[in-house]
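Read-outs: derived from the displayed coordinates by stated rules, not from any lab. What you are looking at is a predicted structure, and each value in this text was computed from that prediction instead of being measured. Every residue, glycine as well, gets a Cβ built from its backbone with ideal geometry; the counts of neighbours run over all protein chains shown.
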Amino acid sequence: MNAVIESLHGLYERDLNKLLAEVKAYNKEENLWKVEGEITNPGGNLALHLCGNLRHFIAAMLGGSGYIRQRDDEFNTKDLKKSELIDEIKTTKKVVLETIKGLTNEQLEENYPVNVFGKEMTTIFFLNHLYGHLNYHLGQLNYHRRLLDL
């Protein structure tokens, strides 16, 4: 594995492990779905959104996994058990890391196969964007857990 791919692999692995740890850290399963005041995206939905996003944009678009994203379900599902959510994160981690490990330097420098933001961008640029997105919502999930999992 080259240095860039090794770095991406290590960062995604580390922070998908953090996502798994955050979900496991909820003391009360029902609090994964709790909303209050201005907090409208509960931890469970943030985790589902991250899984759907990464499985779509990395595993399906770059790895050909065949995953079909149901984005509305990422925000509308409210009844998954904690164990099911954990399984979803583990599956996401597995397919994302396998896909990243299989990338080449040439693929990283090519344009990402889908025009997401109305302009072309390289695959490495978009993988860095997705990593930032992962961390943004990971922080929200951590805050949700610490604030509402009482």
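Summing Lys, Arg as +1 and Asp, Glu as -1, what charge do residues with Cβ under 15 Å from the Cβ of ASP73 carry, ASP73 excluded? Taking every Cβ under 15 Å from that of ASP73, the sum is -1.
Each of GLY63, THR123, LEU134 was scored by the projection of its Cα onto the charge dipole of the range 31-148, and the greatest displacement toward the positive side belongs to LEU134; charges sit on the C-beta of Lys, Arg, Asp and Glu.
Net charge dipole, the range 82-128: roughly 240 debye, given to the nearest 20, about the Cα centre with Cβ charges of +1 for Lys and Arg and -1 for Asp and Glu.
Taken as entire DSSP H runs, the helices of the chain never both span 30 Å or more between Cα atoms along their own long axis and average 0.5 or more on the Kyte-Doolittle scale. In this Cβ point-charge picture (+1 for Lys and Arg, -1 for Asp and Glu), the chain has a dipole of about 340 debye about its Cα centre. In a reduced charge model with +1 at each Lys and Arg Cβ and -1 at each Asp and Glu Cβ, the range 49-135 shows a dipole moment near 280 debye about its Cα centre. Divide the volume of the convex hull around the Cα atoms of the chain by the residue count and you get 105 Å³ per residue. In the chain, the calculated helix contribution to ellipticity at 222 nm averages -20000 deg cm²/dmol per residue, counting -39,500 (n - 2.57) for every DSSP H run with n ≥ 4. For the chain, relative contact order (Cα pairs under 8 Å, six or more residues apart, normalised by length) works out to 35 percent. Amide H contacts under 5 Å for THR122: TYR112, restricted to partners 5 or more places along the chain or on a different chain, H placed in the peptide plane at 1.01 Å from N. Put simply, when 122-131, 27-36 are sorted by average Cβ atoms within 10 angstrom per residue, most first, you get 122-131, 27-36.
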